[in-house]
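See below for the structure under consideration.
Laboratory data are not the source of any read-out in this text; all were calculated from the coordinates shown. Because the structure is predicted, anything quoted here is derived from the model rather than measured. Quick reminder, even Gly has a Cβ in these numbers, built from the backbone with ideal geometry, and neighbours come from all protein chains shown.
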Amino acid sequence: MIQEATGHEDAAITGSQELMTKPTTRAQRFAVWALGLREGLRDYFGTLGRRRSEPINDLATLRSYLQTRASYLAQTSLYSYLRTRAGMVYPQLFEDDEFVRSVNIAKWHVWLACLSDLSVYAGGLLARHSQALAPQVGALMTRVTSAILDDTGVPADADEQFASHADRVRARLASCEWARVDDDETPFSESPTALIRWAPIVENLKELDEEIVRNSVRFRWQEIRRELRRHLDAEAVLRSAG
């Protein structure tokens, strides 16, 4: 658990990383961390440091977009906050098994919240930029997001609350009024809350940080919103659903 502040807020997206529970030494854990960072950057930016601009024109590309961007946003937000609060002692924290376990639990809950937010936003764009009725949009978004959740299952390093949180994601989509989803930051309400809730940092510091952390997460979503708005072919996605 991080207990004191020693750094400054890092608002830039710096990479994607995945912690694992198997490595036992700090060197091994940082090797895993670096591998996740490299793979995440390659997946998000492609080659030559240029972000790939693939059209989102069917269920497969929409699903891939939701899954990769939710993972990217969840991991960069969580690790940036932890690194900022830990400062110079950040590497030493990976020697603490309980801390690593807490980070992995947090990672999955923040991911669920990011997937929830991005799915609602994407569904809102489908409703806004097509002739589809709200029930059709809802059925499509439920189908895509449920497929992601079903394939993920309950990860080994998640906690016992993961499944119920996944059910809440499904419930949010089931009750969403798609025609009323705004094309702004409004749909992104769960991810800032999840980061504050699950980050393994003492509560009094999270209370002090809350406004900054929420604004930081909202800022990170801006480019993803622009990207999705630019590359989503709503009518083509709906046609692909049959």
Seminar exercise, completed: Note, Gly138: beta-carbon cut-off 13 Å, +1 each Lys/Arg, -1 each Asp/Glu, net +3
For this session: List every residue whose amide H lies under 5 Å from the amide H of Ile201, counting only residues 5 or more places away in sequence or on a different chain, with H placed 1.01 Å from N in the peptide plane.
Result: Ile2
For this session: Quick one: what are the phi-derived ³J(HN,Hα) couplings along segment 188-202, Karplus 6.51/-1.76/1.60 with θ = phi - 60°, whole Hz, x for glycine and proline?
Result: 8, 9, 7, 5, x, 5, 5, 5, 5, 5, 9, 4, x, 10, 4
For this session: Return Glu227, Glu190 ranked ascending by Cβ neighbour count within 10 Å, so the fewest neighbours appear first.
Result: Glu227, Glu190
For this session: With a/c under 1.5 counting as rounded, go ahead and sort segment 115-242 into rounded, prolate or oblate using the C-alpha gyration tensor (a ≥ b ≥ c being the square roots of the eigenvalues; past the cut-off, prolate if a/b is larger than b/c, else oblate).
Result: oblate
Seminar exercise, completed: Env charge @ Arg63, Cβ radius under 14 Å, K,R +1 / D,E -1, value -2
Seminar exercise, completed: So Gln161 and Asp183, fully extended at 0.36 nm per residue minus their Cα-Cα distance, gain in nm 4.8 nm
